[in-house]
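Here is the structure we will look at, set down as structure tokens.
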Amino acid sequence: MTIAHPQTLTDWLTYIEQQHPATIDMGLDRVRTVAQAMGLGAPATRSIVVGGTNGKGSTVAFIEAIARAAGWKVGAYTSPHLLRYNERVRIDGQDVADEDLIAAFAAVEQARGQTTLTYFEYGTLAALHLFAAAGLDLAVLEVGLGGRLDAVNIVDADVAVITTVDIDHSDWLGEDREAIGAEKAGIIRGWKPVILGETDPPSSVLARAYVLGANAIRGGSDFFADVIDAQHWRWRDVGFRIELPTPALRGPIQLRNAASAIAALRALDKPLPRAAFVEGVANARIRGRLHAFDRDGVEVLVDVGHNPQAARELATALKAAPAAGRTVAVFAALQDKDAAGVVEALATEVQAWHLAGLEGARAQSAEALQARLAGTVAADGSRHPRVTDALQQALRDAQPGDRVLVFGSFHTAAQALQWLETAP
């Protein structure tokens, strides 16, 4: 049903879903046309764009927390959201209010004329509109899909970050790391820094930086994250080193994300006090990244990981902090994901599987997921219609000291978090 005159934020979100025939329509011409009609320029005094396969949201959170600790006024745009659309747009650490999003969507609608926009393009333009009006010192923008043709790429950022490059969204980005790297490298700008979180990124990324004359700053080569002990680590490059607390965000991968965030901020032309790095690393938070709960002595971990690379990082995190008892997985994945590759990456760290269904576009039932997992260790897992059903059964079966890992998509994590944060 088309809403002729949207009033509430829910109305607007329903409306903008209906304004373009495709959910994903990669390209910058339409979004640039509307941005020009809106008079959008730079979203802040300085801007950082963060792309990559995994780790984008955490890296944004570290950049935001460190810059805010330095007293900067910061806007952050991320996607997708977990529980409320407002999570996608933050100013000064606060989710933007409904009325501000409504006004921003109305501004986009007025400017677009006959140009159709996807849901993500509407949201990106609304965020840029809000940021431009806020007088920000820094805007941190997370790429939605790929990079070269993603709506966020209309911004000429001062610094680009590419966290990792691995196989995901193959239908849109390509079948191998080189092809996907070429798409993600589209956010690199000539003669400006690009932070590469991986020591060995695809040659397509390095080639793009070379052609553009961009300064490629590589983790493990130009900057380093050295573990000191369980509570401390050290960031260093050739001219600067600092001892930092272990991030509150769990998992070994978060050191790399924090290190990339520090490198990105240091690549700007505005110095930050050392205390801001310490405070920001300690205080950065983001939901759904090894988000921990305790249920009567059973640890529940909720994670948005949804591709094999993310699953490998999850396996590393589980191995680094083994449970006293069993580790049980609650797994629900979208139908276009490599579910078998995800299970294979975690096979040695998980002793039992509960498979759950999801609803909506690109979703699949537990039965369909099980069929796709034929031949894997998860194929004989119990089936449940919903994530919450699977989670509750896993908790009923668990003993104190066991661990339950809920993961597989943002939808999976959102349902688990909503239940865990409201259930008695």
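Key figures for this structure:
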| read-out | value |
| --- | --- |
| Residue within region 64-71 that is part of a loop (DSSP other than H, G, I, E, B), surrounded by fewer than 16 Cβ atoms within 10 Å (Cβ to Cβ) and either touching a Phe, Trp or Tyr at 6+ places or on another chain (Cβ under 7 Å) or of a type in the set (Ser, Thr, Tyr) (or both) present | no |
| Some residue of region 341-356 being under 26 Å from Ala371 (Cα atoms), of a type in the set (Asp, Glu), assigned to a helix (DSSP H, G or I) and under 16 Å from the mean Cα position of the chain (by Cα) | no |
| Residue list for region 191-210, restricted to those being of a type outside the set (Lys, Arg) and over 23 Å from Ala225 (Cβ atoms) | Trp191, Ser203, Ser204, Ala207, Tyr210 |
| Residues located in region 388-424, provided they are under 22 Å from Gln335 (Cβ atoms), β-branched (Val, Ile, Thr) and assigned to a helix (DSSP H, G or I) | Thr388, Thr412 |
| Positions within region 120-153 being small (Gly, Ala, Ser), outside any loop (DSSP other than H, G, I, E, B) and touching a residue at least 40 places away in the same chain (Cβ under 8 Å), in sequence order | Gly123, Ala127, Ala132, Ala134, Ala139, Ala151 |
| Pick from region 96-119, criterion without any contact (Cβ under 8 Å) to a residue 40 or more places away in the chain and in contact with a His (Cβ under 9 Å, 6 or more places away or on another chain), ranking: surrounded by the fewest Cβ atoms within 10 Å (Cβ to Cβ) | Ala103 |
| Whichever residue in region 37-67 is over 9 Å from the mean Cα position of the chain (by Cα) and charged (D, E, K, R) and, among such residues, is farthest from Val304 (Cα to Cα) | Arg46 |
| Residue pairs meeting the criteria (Cβ under 8 Å; at least 6 apart or on separate chains; first part of a strand (DSSP E or B), in region 309-327; second surrounded by 14 or more Cβ atoms within 10 Å (Cβ to Cβ)) | Thr327/Leu318; Thr327/Glu349; Thr327/Val350; Thr327/Gln351; Thr327/Asp402; Thr327/Arg403; Thr327/Val404; Thr327/Leu405 |
| Any hit, region 95-116, residues being assigned by TED's automatic domain parsing to the domain that holds Ala264, closer than 30 Å to Arg274 by Cα and not in a helix (DSSP H, G or I) | yes |
| Condition check for Ser409: within 26 Å of the chain's Cα centre (by Cα), over 20 Å from Ala347 (Cα atoms), among the small types (Gly, Ala, Ser) and not assigned by TED's automatic domain parsing to the domain that holds Pro80 | no |
| Matching entry among Val34, Val50 (being within 14 Å of Thr118 (Cβ to Cβ) and touching a Lys or Arg at 6+ places or on another chain (Cβ under 8 Å)) | Val34 |
| Residue within region 77-92 that is in the same structural domain as Lys184 (by TED's automatic domain parsing), assigned to a helix (DSSP H, G or I) and more than 30 Å from Arg266 (Cα to Cα) present | yes |
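The values are calculated or read from the model by the stated rules, or taken from the named source; none is laboratory data. Since the model is a prediction, treat every value here as computed from it, not as a measurement. Positions of Cβ are generated from backbone atoms using ideal geometry, with glycine treated the same way; all protein chains shown enter the neighbour counts.
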